[in-house]
1. Just to be sure I understand the model, the point goes 7 Å from the Cα along the line to the Cβ. What's the resulting Gln287 to Glu260 distance in nm?
2. Treating segment 1-101 as a set of equal point scatterers at the Cα positions, no solvent, please give the Debye-formula log₁₀ I(q)/I(0) at q = 0.14, 0.19 Å⁻¹.
3. Whole-Hz ³J(HN,Hα) for each residue in segment 206-219, computed from phi via Karplus 6.51 cos²θ - 1.76 cosθ + 1.60 with θ = phi - 60°, x for glycine and proline: what do you get?
4. What is the gain in length, in nm to one decimal, between Arg321 and Lys340 on full extension, counting 0.36 nm per residue of separation less the C-alpha to C-alpha distance?
5. Which is farthest toward the positive dipole end of segment 242-353 among Ile345, Gly317, Gly298, measuring Cα position about the Cα centre, with Cβ charges +1 (Lys, Arg) and -1 (Asp, Glu)?
6. For Asp13, which sequence-distant residues (separation of 5 or more, or a different chain) have an amide H within less than 5 Å of its own amide H, given hydrogens modelled in the peptide plane?
7. Around Gly255, with a cut-off of 10 angstrom between Cβ atoms, what is the net charge of the other residues, counting Lys and Arg +1 and Asp and Glu -1?
8. Mind putting a number on the dipole of segment 199-353 about its Cα centre? Charges go on the C-beta only, +1 for Lys and Arg and -1 for Asp and Glu, and I need it in Debye to the nearest 20.
Amino acid sequence: MERKQGEQSIQFDQAPFIVSHASVVGKKEGEGPLGNAFDLVNPDDLFGKSTWEEAESAMQKEACLLALQKGKTEPEEVRFLFGGDLLRQGIATSMGVEPFRIPLFGLYGACSTSGEALALGAMTVAGGYADYTLAVTSSHFGSAEKEFRFPLGYANQRPLSAQWTVTGSGAFLLGRGGSSEGGSGIESVLESGKEKSHVRIRGVTIGKIVDYGLKDSQNMGACMAPAAADTIHRALTDFQMTPDSFDKIITGDLGYIGSEILLDILEKNEIVLQKKHLDCGKLIFDQETQDTHAGGSGCGCAATTLSAYILPRLWKGEWKRVLFVPTGALMSTVSFNEGKSVPGIAHAILLEHC
């Protein structure tokens, strides 16, 4: 059902499908370039709750509900849920998805969590351990600032290198598809009378922790770029592909600064991405009209952009193949206060139209 590919990758013989997906965001994200593409924009960033943390849980719950509804699937049909967030002990996820009563794998990959969840969910389906899995992640500007920097009431000055944590949640229902020729390009139809899916996860590349010794938590793009470069290089090598094999190679949360560093690192390795590269942190906000400095970040950045912007283009066949590479900065307030560096990680998801 799946094959080891190169050093860090897996290629699925029976590729799992993204059955449905949903995105829920806050007011600022709804005012950005992708505002009309999100499934739900709530003008109240508290989502009717009394704390930022409760609001984040509410976003996760709503995103999961929408994905299940769009996929015409009941929670009881989902074997496992893979989810995570930026808060201590994944509290936004555990409280957000508790009502569904789905067996849970709680994850932490910082802003790369959507890639980690999709990879594990796809491996589980492809391995025959589940007919359906659900991958979900979220972040909230208010809860992330409180967790990693200063509560909003402190009104601290943010440097220009800082990125704006996205208030949003993305959920993805993964399932099996029936296909001839081992899923090698023949259009596949999901069983059980559900809608036909046009996007499959052809393979995954699991990233390594990469640490260049950077200690500036207010410049996460620079901290994550080396990991993104390492994973992209490894994915291209493992799958024996070139940048021209893809319509787009899309990173998660590098923003404007990290994206430039990524392109420089790859160019030194003779990989030229300038015409192929996009970054979710640059897509989700308008740098000219929205005060977000170096772009967007947070678990919700890559997840909501994948749902609202990337998957619709793959679904319609506008893009045939995309390498989706969410990136994460693995830090905590404790490690930062102790003067430790900020290592990065990135996972690659090979998405195909079918």
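What follows is calculated from the coordinates using simple rules that are stated; it is not laboratory data. Quick caveat: nothing in here was measured; it's all calculated off a predicted structure. FYI the Cβ positions are ideal-geometry reconstructions off the backbone, even for glycines, and counts take in every protein chain you see.
1. Inter-label distance under the simple model: 0.8 nm.
2. Reported log10 I(q)/I(0), two decimals: -0.69, -1.02.
3. Values per residue, Gly and Pro as x: 8, x, 9, 6, 10, 10, 8, x, 6, 10, 8, 6, 9, 9 Hz.
4. Going from the current span to full extension adds 3.0 nm.
5. So the residue we want is Gly317.
6. The list, which skips near neighbours in sequence, is Glu2, Arg3.
7. Numbers: positive: Lys282; negative: Asp253, Glu260, Asp279.
Within the 10 Å Cβ shell, the charges total -2.
8. Rounded to the nearest 20 debye, it is 580 debye.
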